[in-house]
Amino acid sequence: MVARFLANSALADTAAAWARDFRLLAPVREGQAVVYRAWAKDMHPFLGRPPTCSAKEALLPQTENLLTYTYRKDQADLTRTEVFVAEPLPPEPTLLLGARPCDARGRKLLDRVFLERGVEDPLYAAKRRNTLFVTVACERMENTCFCHWTGGGPTSEEGSDVLLFAVGADGGGYVAKALTPEGERLLDKLPEASRAAQEELAAKLASPPSQAVPGPAPDLSAAPERFLKLFGNMDFWMDESARCLSCGVCTYLCPACSCFNITDENSGMKGKRLRTWDTCMSALYTLEGSGHNPRVSRAHRLRNRVGHKFCYHPQEFPKDAGAQPEFSCTGCGRCIKSCPVSVDIRRVVLDLMEKGDAS
Amino acid sequence: MAADADDRVLQLRAAVKAELANVDFVLGYAKGFDPLHATPVTVRTEADADRLIFDATCVQNLATSLYGLNGKRIGLVVKGCDSRSLIQLMQEKLLERSQLVIFGLPCDGVLDLAKIRVKADIAAIHGAEISGDEVRLLLPEGTKTLPRRDVLADKCLRCRYPNPLVADHLIGQERTPQGAEDTYADLDGFEKLSPQERFDFWKRQMSRCIRCYACRNACPLCVCKHVCLADSRDPHWLSAEATLQEKWLFQVMHALHLAGRCTECGECQRSCPMGIPILLLKRKMNRELKEVFNYEAGVDPEAVPPLHTFLMEEDKIKDRGQLW
Amino acid sequence: MSLNPYLPSLATIIETFDETPDVKTFRVVLKDEAAMRAFRFEPGQVAQLSVFGTGESTFVICSPPTRMDFLQFSVMRVGELTHRLHTLKEGDPIGLRGPLGNHFDYESMKGKDIVFIGGGLGLAPLRTLLLFMLDNRADYGNITLIYGGRTPEHLCFKGELAEWAARGDMRVELTVDNPDKSWSHRVGVVPAVLTDLAVSPENAVAVTCGPPIMIRFTIQALEKLGFTDEQIVTTLERRMKCGVGLCGRCNIGGKFVCVDGPVFTQAQLKELPQEF
Ligand SMILES: Cc1cc2nc3c(=O)[nH]c(=O)nc-3n(C[C@H](O)[C@H](O)[C@H](O)COP(=O)(O)OP(=O)(O)OC[C@H]3O[C@@H](n4cnc5c(N)ncnc54)[C@H](O)[C@@H]3O)c2cc1C
Ligand code: SF4
Ligand code: SF4
Ligand code: SF4
Ligand code: SF4
Ligand code: FES
């Protein structure tokens, strides 16, 4: 496939053209946050920093309707009611601009749950089928990034339809690489990337700036087993979670977290059944009607979050012997960056590796 | 920054070590994942104590961590503003003074990372130096220097209580307050906008909310936590939908429940990952409380919060007689 | 039919009656008669019952697959959905998603002696298996039911208990913690009765369900009697939403109670991270 060029000066017009065919979500800067917004005429997409939220909203919206229902009184016998249930409408074709490679890899991890675990989730599947990702490759890693620990990298192509590489040549812009036929179609109106732009990119890829990579990835292949070893060590989990606030920041911003709640919202004789994001860091998540709660403390809950990502997921989706396990974490670092108390999942995993070995 | 900075950390570590035998553990600050982040730590051993730090990155209010620790004896490192949360909790009988060993550190102000992020991309920062009136950021593209006053938290700029109001160990020289009487200039400015403009402002801001409830859980005085009305289905005030209406209603609830209790520690706003200026709502409540009851939360351990009591005749509330 | 796993089938309550002051039994048929005729499930499987506007909750289908005139559920009133269910009457519409989850491995139990040990509403999942076995009586050895509750009033399926005791081809031992004047059976907790009876583990399987504490002491008592982990079968309860392994909340380690359970042998449970 030919490499195309998306000039900075052409970004807004190109986005506007895409917005004619798709529900376009693009990142904009609002104060310290970078958030995806539905395309509007005078919008300025901001691709300079990774968005604060992950891209999962496009595939697993925070709120969606599972069904709607209506009650009707039987006109012949008013003590009787009937109920009618309707499924939601199919989703619009969507294009998400400005995700990062770690977000795009998140799609694969969501696929594991919603498409591959057993029962296919039709709502997710429909969105997955008609959502395209135009992803921005990262020029450097941030202090919170560790995608290279979990099988990704700043220029990983996995999960994207188009990958944009920033270059300074030709007045500045992106060398755009289509990775799927749909991605190629998105780019067909753009000019071919100049030789200068392509050479600049090749040089950048060949020697990434030295401060960009924060050190080699540790070998985490024993993480699942170390986790199980430390599972019952509550002192370990209490110390790791002592400052945790039990909020939803880490799980709601995570591109791989997929837990949800189902609740009904009634209004008069009709209403809807909603699916909404939920978080395993909340005590209510597992609270049973009897008052019994298998995860009473933050220690239990943090243990579940880390365990799911670094033990249960790799056990459920095993790789070949000797290969690095697949974790349910893309190393995007959002849970670290936005945690109000700087809980660092890397630290927890490294502590597991260390203390799980000793014990 | 005051000259006693390094010294003070050593004194703090020594004081903590000396108290370790008398407490279950001490909550303090240690270095976080990068030069601009500190993280709360549990100190049980002398080695843990050697990790303690105290500087402008120690933003968290550790009073929040006391939630659920009733029955334990805890050492706590506090700044001036944090000590006000303790006082407020004690006033409300949610905390026993005897439960705590307080290490009070006079404070020069903490950084507001949200402000810095607007001025610089600090995601790959590899060093930070905070001197008298400058903050030097060592960034991949070079050093960037910002005036300290531009990146201190707003609460620090108007702080009148940099010296902890309650402490067992007061560590370091007392500071002179940076702020005078709070004029609520920010609020005045905001209220000059038309109702429509204010409405549009909040609409835009609140639409970013992801309902993570970090704001609630970070608040030292928001003590309902998981039995919060926001999560309750009976009464069913908020739906699970992430709509503007639900998000906004929660903030109104939080502000109202904190009226006369909020010490403006700012943890709610600081914890918000989406940078929503929710402290403004609490400041609005506090200004009203100040005007009506001449009350400021968390300053006087003996005071009774005005909404926890009533007077037969309130100074600022007109008695219109029995109009029934 | 839609493949949407979240979409309940519409169903109608055809009969309700009280079991105890807070347990009510519902007999339900699918609205679509063809779907009802085609409905298949295995003993131990559960369904999600919906009251649209309130929500959904998980209940074991406590009638056996050998009696398909209706699906029966016995529901304890504890929270939002169960309160609402208890207000419904014959003729009211509800939603039903199922069958969900795994089931009792009755094949491997063939030819063996079966000991059912239940407490309170924990008898519900045992009932479906018990009736299934009684309907295929020749396939199984001796059948014993040890059933207990706080008071006589708290025992479920009271009419049937007497019926089963009178059958002659099974043994029924009833016990309560607090008897009233008319109580003529045992007094004491279920695990003590088990020990008292000195049930033999020889070629036997024990199936138990009840409150967590009862299960814990029952398993200890069974172990003392010589039952191995493979011979002890129990069912687990977890807060559930989706029922199909997607929403995440019912996990114990890497297993989901909604799809890998609710039925587990003690041997399987010991393999899991201990988070109960
Ligand atoms: C496999 C299985 C089989 C069960 N079989 C029966 C049965 O036959 N009869 C019976 O009375 N009860 C049974 N339960 C328990 C029953 O599901 C709960 O009591 C019920 O969900 C409580 O709902 P609520 O809305 O009244 O309670 P609330 O406390 O208002 O609960 C709200 C939500 O929490 C969830 N929830 C709360 N408690 C539980 C719980 N203990 N287990 C699972 N989810 C819960 C539900 O999703 C519910 O929608 C079973 C549970 C499981 C997991
Ligand atoms: S780890 Fe951080 S973000 Fe996650 S629940 Fe705890 S405080 Fe919130
Ligand atoms: S666990 Fe944290 S670092 Fe990993 S994908 Fe989720 S948010 Fe990113
Ligand atoms: S409402 Fe905000 S500023 Fe007020 S006490 Fe709570 S966290 Fe602090
Ligand atoms: S912290 Fe911010 S995003 Fe989270 S619930 Fe509060 S206002 Fe919303
Ligand atoms: S109930 Fe949703 S995963 Fe089990």
Of the residues in region B:243-276, those that are open to solvent by 30 Å² or more (accessible area, probe 1.4 Å), more than 16 Å from ligand 2 (Cβ to nearest atom) and within 11 Å of another protein chain (Cβ to nearest Cβ) come to B:Thr243
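Residues are listed down the side, and each one gets a yes or a no for (1) within 16 Å of ligand 4 (Cβ to nearest atom); (2) open to solvent by 60 Å² or more (accessible area, probe 1.4 Å); (3) under 16 Å from B:Ala63 (Cβ atoms):
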| site | (1), (2), (3) |
| --- | --- |
| B:Ala167 | no, no, yes |
| B:Thr176 | no, yes, no |
| B:Leu187 | yes, no, no |
| B:Phe199 | no, yes, no |
| B:Trp202 | no, no, no |
| B:Ile210 | no, no, no |
| B:Leu229 | yes, no, no |
By residue number, the members of region C:42-82 that are within 22 Å of A:Asn261 (Cα to Cα), free of Cβ contacts under 8 Å to residues at least 60 places away in the same chain and at the interface with chain A (Cβ under 10 Å from one of its Cβ atoms) are C:Ser50, C:Val51, C:Phe52, C:Gly53, C:Thr54, C:Gly55, C:Arg77, C:Val78, C:Gly79, C:Glu80, C:Leu81, C:Thr82
Checked C:Gly188, C:Gly159, C:Gly168 against criteria (open to solvent by 10 Å² or more (accessible area, probe 1.4 Å), out of contact with any strand residue (DSSP E or B) (no Cβ under 8 Å at 6 or more places or on another chain) and on the phi > 0 side of the Ramachandran plot); the one match is C:Gly168
Inside region B:65-110, the number of residues satisfying the requirement of being open to solvent by less than 10 Å² (accessible area, probe 1.4 Å), within 24 Å of B:Arg8 (Cα to Cα) and out of contact with any Asp or Glu (no Cβ under 9 Å at 6 or more places or on another chain) is 9
Note on A:Lys319: of the conditions (1) open to solvent by 20 Å² or more (accessible area, probe 1.4 Å); (2) assigned to a loop (DSSP other than H, G, I, E, B); (3) within 8 Å of another protein chain (Cβ to nearest Cβ), unmet is (3)
Over region C:244-276, the set of residues more than 9 Å from every other protein chain (Cβ to nearest Cβ) and open to solvent by 30 Å² or more (accessible area, probe 1.4 Å) is C:Asp260, C:Thr265, C:Gln268, C:Lys270, C:Glu271
### Message
Among the residues that make up region C:121-137, is at least one of them more than 16 Å from ligand 2 (Cβ to nearest atom), touching a residue at least 40 places away in the same chain (Cβ under 8 Å), more than 30 Å from A:Thr263 (Cβ to Cβ) and basic (Lys, Arg)?
### Response
yes
- Query: Based on what the data block shows, is A:Asn304 farther than 29 Å from A:Pro88 by Cβ and either within 16 Å of ligand 5 (Cβ to nearest atom) or outside any helix (DSSP H, G or I) (or both)?
  - Reply: no
The one condition C:Lys241 fails out of (1) more than 7 Å from chain A (Cβ to nearest Cβ); (2) of a type in the set (Lys, Arg); (3) not in a helix (DSSP H, G or I) is (1)
| query | Has region A:240-252 got any residue that is modelled with pLDDT under 95 and at the interface with chain C (Cβ under 9 Å from one of its Cβ atoms)? | reply | no
Within region A:266-292, of all residues that are open to solvent by 20 Å² or more (accessible area, probe 1.4 Å), more than 8 Å from chain C (Cβ to nearest Cβ) and outside any helix (DSSP H, G or I), the one modelled with the lowest pLDDT is A:Gly291
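Taking region A:258-283 only, how many residues are free of Cβ contacts under 8 Å to residues at least 40 places away in the same chain and either assigned by TED's automatic domain parsing to the domain that holds A:Thr52 or within 16 Å of ligand 5 (Cβ to nearest atom) (or both)?
Number satisfying all stated conditions: 5.
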From the option list C:Met133, C:Met109, single residue qualifying as among the aliphatic types (A, V, I, L, M), in a loop (DSSP other than H, G, I, E, B), under 19 Å from the mean Cα position of the chain (by Cα) and under 30 Å from C:Ala38 (Cβ atoms) is C:Met109
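Please give the strands (runs of 3 or more DSSP E) falling wholly within region A:1-108 in which 1 or more residues are within 16 Å of ligand 6 (Cβ to nearest atom).
Once the strands (runs of 3 or more DSSP E) in region A:1-108 are filtered for at least 1 residues that are within 16 Å of ligand 6 (Cβ to nearest atom), what remains is A:63-73.
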For B:Leu238, the lone unmet condition from (1) out of contact with any strand residue (DSSP E or B) (no Cβ under 7 Å at 6 or more places or on another chain); (2) open to solvent by 30 Å² or more (accessible area, probe 1.4 Å); (3) over 18 Å from B:Pro277 (Cβ atoms) is (2)
Requiring at least 3 residues that are within 12 Å of chain A (Cβ to nearest Cβ) and under 23 Å from B:Gly266 (Cα atoms), the helices (runs of 4 or more DSSP H) wholly within region B:129-240 are B:195-206, B:214-218
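What is the residue count in region A:231-245 for residues that are over 13 Å from A:Ser338 (Cβ atoms) and buried (at least 21 other Cβ atoms within 10 Å of the Cβ)?
Of all residues in region A:231-245, those over 13 Å from A:Ser338 (Cβ atoms) come to A:231-244.
Narrowing further to those that are buried (at least 21 other Cβ atoms within 10 Å of the Cβ): A:237, A:240-241, A:243-244.
Residues that pass the stated criteria total 5.
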Practice task
Confirm whether A:Thr263 is within 14 Å of chain C (Cβ to nearest Cβ), β-branched (Val, Ile, Thr) and within 16 Å of ligand 1 (Cβ to nearest atom).
Solution key: yes
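The values are calculated or read from the model by the stated rules, or taken from the named source; none is laboratory data. Since this is a predicted model, take the numbers as computed values, not measurements. Note: ideal-geometry Cβ built from the backbone for every residue, glycine included; neighbour counts use all protein chains shown. Note: accessible area is taken over every heavy atom of the protein model, side chains too, but ligands, DNA and RNA are not part of it. Shrake-Rupley method; radii C 1.70, N 1.55, O 1.52, S 1.80 Å.
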